[in-house]
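One structure below.
The values are calculated or read from the model by the stated rules, or taken from the named source; none is laboratory data. Note that the structure is a prediction, hence the values are computed from the model and not measured. All Cβ positions, glycine included, derive from the backbone under ideal geometry; neighbour counts span all protein chains shown. When the accessible area is computed, the model is the full protein with side chains, heavy atoms only, and any ligands, DNA or RNA have been set aside. Shrake-Rupley method; radii C 1.70, N 1.55, O 1.52, S 1.80 Å.
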Amino acid sequence: MQSDSCDPDRPTHPGTFPTCEAGRSDHQPAERSVDFPVSVVLPAGGTGERTGLQTPKQFCLFMGRPLISYTIQAFERVSWIQSIVVVVAREHMDLMTDIVQQFQHTKVRAVPGGSTRHRSIYNGVLALGEEGRPVADKPKVVLIHDAVRPFVEEDFLYKIAMAAKEQGAAGAIRPLVSTVIATTSEGYLDHSLERAKYRASEMPQGFTYDVIYQAYQKCSESDFEFGTECLHLALQYCGTNAKLIQGPPTLWKVTYKRDLAAAESIIKDTLSRSACAITGGSAQAVTLAGALQKAVGALNMELAVIPDLTGENGWYLLKDWNFIQVSVNRSCLSEVEALLTDLEAAKQALLHPLVVILVLLSGSDELSVSGRAVEPEAIMDLASAAKLRNILLYGIQLHQSKDTQRWERSVSRVGEITSALIRDRSPALVGQLLQA
Ligand SMILES: Nc1ccn([C@@H]2O[C@H](COP(=O)(O)OP(=O)(O)OP(=O)(O)O)[C@@H](O)[C@H]2O)c(=O)n1
Ligand SMILES: O=C(CO)[C@H](O)[C@H](O)COP(=O)(O)O
């Protein structure tokens, strides 16, 4: 298997996406040891006025799944995070309950929000203190993260949690993109801040439970109404100077409509990084899969080649991988059917549409016996049924050729089509048997 290129600014997909170290076993994130209880508050009680949309941005759908679910998954997958309180407007409590059920979130509890972000966060902090447990069992550290920042990675959460435990408060920062200026009431320049001295405050932030609880207990109505910075409350009311840690650019907050398009693009991009080619063990299929591995590798996609999904290889079914059934024989559709059954049982398609591509080699010895291997109608029927289960099935046919250049061009086209199908997840092309 080919190792992925490691770009520190490339986000890890919320959920079960592999990190970019080489080798299959390394795809499991490195185990972190956190020996104190950590809980999370996700404020999601806003209306998203600046998007100009009716639906609050945290409930906007990305490939059939609300943004909030991606953010929850980014925290839920972290083994050392114990519980997550999502704070939503009262009128969205039922919707939130449905989301938790549909996307099988397990560490989440929803509580009603307040009229401002600070009031919502405070409700979340109070809920953590009330979780029916003895005072000694309250979380030591509370991570606070806007529900509309779905791309946060375990490594960074770990840094914030450790610094919060050490220092009482910690937060993510980024360099300023533009200079900050103060204006007079008449709209003239009053003064300009020296950009190098300032940073943008982002999320996540972390606090010891006592610091954030005390800060909210002591802060004023004006803070609750107009404040935008939890770190400031910790400083002003608890004398705690937060440790500031520079985070990746992907911590940015979905605020405007254009940010929704950017978020969708990142989600699609991260879901398109890895595919698993199943060969059935036939020598011809293995050779083709090897050639395909090179072709998609050049397009920045990792391709694992395996004979089948039995035993240890069942691991692939539980991750955000895409699947390519490489087939050289007449029973290709039954192979695809078996793969679809396995995928359905693994339930990953509940989270987002999965891509399955049948790559069919025609003109091979086995196929030439029977002539045409697969009728387009047959693959269309199979694909229509799979689509109902949120699995997008496509087909690509290529022809065996003794002419090396022709063969290499075909394989390279299969790579390009594969990459495009996986990236675009186009419903319109479902069931098509494309020619490479
Ligand atoms: N009363 C509020 C207001 C905001 N938030 C949450 O705080 C986060 C960051 O706030 P922001 O981006 O300002 O969200 P909105 O207030 O929804 O957006 P807008 O200001 O455009 O209305 C969001 O997850 C939002 O849902 C909240 O929990 N309760
Ligand atoms: O990241 C922040 C620092 O805490 C922002 O203040 C927070 O995300 C609130 O966003 P907005 O100003 O849009 O309500």
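For T183, indicate whether it is at pLDDT 95 or above and either away from ligand 2 (no atom under 16 Å from the Cβ) or open to solvent by 80 Å² or more (accessible area, probe 1.4 Å) (or both). Criteria met by T183. I'm checking my understanding of the structure. Among residues of the stretch 149-172 that are of a type in the set (K, R) and part of a helix (DSSP H, G or I), which one is nearest to ligand 1 (Cβ to nearest atom)? For the stretch 149-172, the residue satisfying everything is K159. Please determine whether any residue of the stretch 129-146 is modelled with pLDDT of 95 or more, over 25 Å from the mean Cα position of the chain (by Cα) and in a helix (DSSP H, G or I). No - not one qualifying residue is present in the stretch 129-146.
Restricting attention to the stretch 194-226, the residues being open to solvent by 30 Å² or more (accessible area, probe 1.4 Å) and either closer than 29 Å to S120 by Cβ or within 13 Å of ligand 2 (Cβ to nearest atom) (or both) number 14. In the stretch 39-47, is there at least one residue being more than 16 Å from ligand 2 (Cβ to nearest atom), modelled with pLDDT of 95 or more, polar (S, T, N, Q) and surrounded by 20 or more Cβ atoms within 10 Å (Cβ to Cβ)? Yes, the stretch 39-47 contains a residue that is more than 16 Å from ligand 2 (Cβ to nearest atom), modelled with pLDDT of 95 or more, polar (S, T, N, Q) and surrounded by 20 or more Cβ atoms within 10 Å (Cβ to Cβ). Restricting to the stretch 272-294, name every residue that is open to solvent by 20 Å² or more (accessible area, probe 1.4 Å), aliphatic (A, V, I, L, M) and under 13 Å from G415 (Cα atoms). Listed by number, the list holds a single entry, A291. Applying the set (1) open to solvent by 20 Å² or more (accessible area, probe 1.4 Å); (2) in contact (Cβ under 8 Å) with a residue 24 or more places away in the chain to Y188 leaves exactly one unmet item: (2).
Would you call L339 closer than 20 Å to M301 by Cβ, hydrophobic (A, V, I, L, M, F, W, C), surrounded by 15 or more Cβ atoms within 10 Å (Cβ to Cβ) and touching a residue at least 60 places away in the same chain (Cβ under 8 Å)?
The answer is yes for L339.
Please go through (1) more than 24 Å from G247 (Cβ to Cβ); (2) within 16 Å of ligand 2 (Cβ to nearest atom) for L95 and return the number of the only condition it doesn't satisfy. Result: L95 passes all but (2). When residues of the stretch 51-72 are filtered for being more than 11 Å from ligand 1 (Cβ to nearest atom) and touching a Lys or Arg at 6+ places or on another chain (Cβ under 9 Å), how many remain? Matching residues across the stretch 51-72 total 3.
What residue, among those in the stretch 111-128 that are outside any helix (DSSP H, G or I) and near ligand 1 (Cβ under 9 Å from one of its atoms), is surrounded by the fewest Cβ atoms within 10 Å (Cβ to Cβ)?
S115
Is it the case that D308 is in contact with a strand residue (DSSP E or B) (Cβ under 8 Å, 6 or more places away or on another chain) and surrounded by fewer than 20 Cβ atoms within 10 Å (Cβ to Cβ)? Give the derivation first.
On the way: in contact with a strand residue (DSSP E or B) (Cβ under 8 Å, 6 or more places away or on another chain): yes; surrounded by fewer than 20 Cβ atoms within 10 Å (Cβ to Cβ): yes.
Yes, satisfied.
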